[in-house]
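Below: one structure, written as structure tokens.
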Amino acid sequence: MTAPAPTLVAGAPQVRRRRSRLSGSPGRVVGKTLAGVVIALVFIAPYLIMLVGSFKSRNNILQVPPTYLPDQWHPENYLTMWSTPETPLPLNLISTIVISVFATLLVLVVCVPAAYYTARFRFPGRGVFLFLVIVTQMLQPTVLATGLFKEMVALGINDTWLAMILINAAFNLAFAIWIMHTFFAGVPKEVDEAAQLDGAGKWTVLFRVQLPLVWPGIVTAIIYTFVASWNEFAASLVILSTDANQPLSVALTKFVGQYDAAWQYVFAVSVVAVIPVVVLFALIEKRLVGGLTAGSVK
């Protein structure tokens, strides 16, 4: 018996050619890898310098010519910086955490129902409302620092955590509403109608049906708001005058004086300030990428 003829699959040559084009030649792959390594080193180098500098003495940092590694390692910098007279760092860290966490929670409480309503219901002035929401992104705390200071004094909450929680929430609310509006609009209305036919109310539909479907958008809003609040500087510098109430971003400047600077503590505090953000990114990186790229491929 003769062997059966091989089955020809339509489009197989095109698939092989497409795969070969995507994979590329070995030289091209090596070139792309090297380019990626170089770009990564360019971005990572400042953090490596900061990390190594945090283990140096002040004289070693200012040494000419500079050295890449410490002449003598000083891990005690991470212990002594907490008791320096320049600023109460433990209280500054607590202040940063409280402001960032509660500002993020406030943004979520406001943006989720607002975005859901604008995505699901048509009402007079809807387009104007969305336009005004995005316009607020052009206004930064640096520009409005004086006005914000007067407003907080008038409200009687100047130099308090509450003031910075409200300010950070206000300046990050626009992006959160827009990103959540996009996700809610991407969910078919038939999902809501099916849940309502089963007896679910509007709030039940929102929290038990919609939120699980738009979870990547929620994660994106959380990480954006938290990082922006964690790194905020200009408004905190103006609004918070008490050292204990100031976040790490403002406390960091206390180590740099007019004639001298404790660079070893500047580097150490910077490392401590970066670690929570890096950990947060590592924990939710997959969901964050999914949220940022949602809708790019159909």
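Values for this structure:
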| item | result |
| --- | --- |
| Output for segment 201-248, where each listed residue is of a type in the set (Gly, Ala, Ser), more than 21 Å from Val272 (Cα to Cα) and out of contact with any Asp or Glu (no Cβ under 8 Å at 6 or more places or on another chain) | Gly201, Gly217, Ala221, Ala235 |
| The listed residue being small (Gly, Ala, Ser), within 16 Å of Leu148 (Cβ to Cβ) and either in contact (Cβ under 8 Å) with a residue 40 or more places away in the chain or open to solvent by less than 10 Å² (accessible area, probe 1.4 Å) (or both), out of Ser241, Ser270 | Ser241 |
| Conditions (1) open to solvent by 70 Å² or more (accessible area, probe 1.4 Å); (2) touching a residue at least 24 places away in the same chain (Cβ under 8 Å); (3) not hydrophobic (A, V, I, L, M, F, W, C): number failed by Glu193 | (2) |
| Residue in segment 94-117 that is part of a loop (DSSP other than H, G, I, E, B), under 30 Å from Asp260 (Cβ atoms) and either free of Cβ contacts under 8 Å to residues at least 60 places away in the same chain or in contact with a helix residue (DSSP H, G or I) (Cβ under 9 Å, 6 or more places away or on another chain) (or both) present | no |
| Which listed residue, of Val30, Val37, Val52, is open to solvent by less than 70 Å² (accessible area, probe 1.4 Å) and not in a loop (DSSP other than H, G, I, E, B) | Val52 |
| Hits in segment 69-97 - residues which are at pLDDT 85 or above and open to solvent by 70 Å² or more (accessible area, probe 1.4 Å) | Leu69, Asp71, Gln72, Trp73, Pro75, Glu76, Leu79, Trp82, Ser83, Leu91, Ile94, Ile97 |
| Any hit, segment 117-125, residues being open to solvent by 30 Å² or more (accessible area, probe 1.4 Å) and more than 25 Å from Val205 (Cα to Cα) | no |
| Of the criteria (1) surrounded by fewer than 19 Cβ atoms within 10 Å (Cβ to Cβ); (2) among the polar types (S, T, N, Q); (3) under 28 Å from Ala174 (Cα atoms), which one Ser236 fails | (1) |
| Members of segment 153-171 found to be closer than 22 Å to Val250 by Cα, outside any loop (DSSP other than H, G, I, E, B) and at pLDDT 90 or above, listed by number | Val153, Trp161, Leu162, Ala163, Met164, Ile165, Leu166, Ile167, Asn168, Ala169 |
| Hey, Asn168 within 21 Å of Thr220 (Cα to Cα) and surrounded by 13 or more Cβ atoms within 10 Å (Cβ to Cβ) or not | yes |
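The values are calculated or read from the model by the stated rules, or taken from the named source; none is laboratory data. Since the model is a prediction, treat every value here as computed from it, not as a measurement. No Cβ is skipped: glycine too gets one built from the backbone with ideal geometry, and neighbour counts run over all protein chains shown. Note: areas computed on protein heavy atoms with side chains; ligands, DNA, RNA excluded. Shrake-Rupley method; radii C 1.70, N 1.55, O 1.52, S 1.80 Å.
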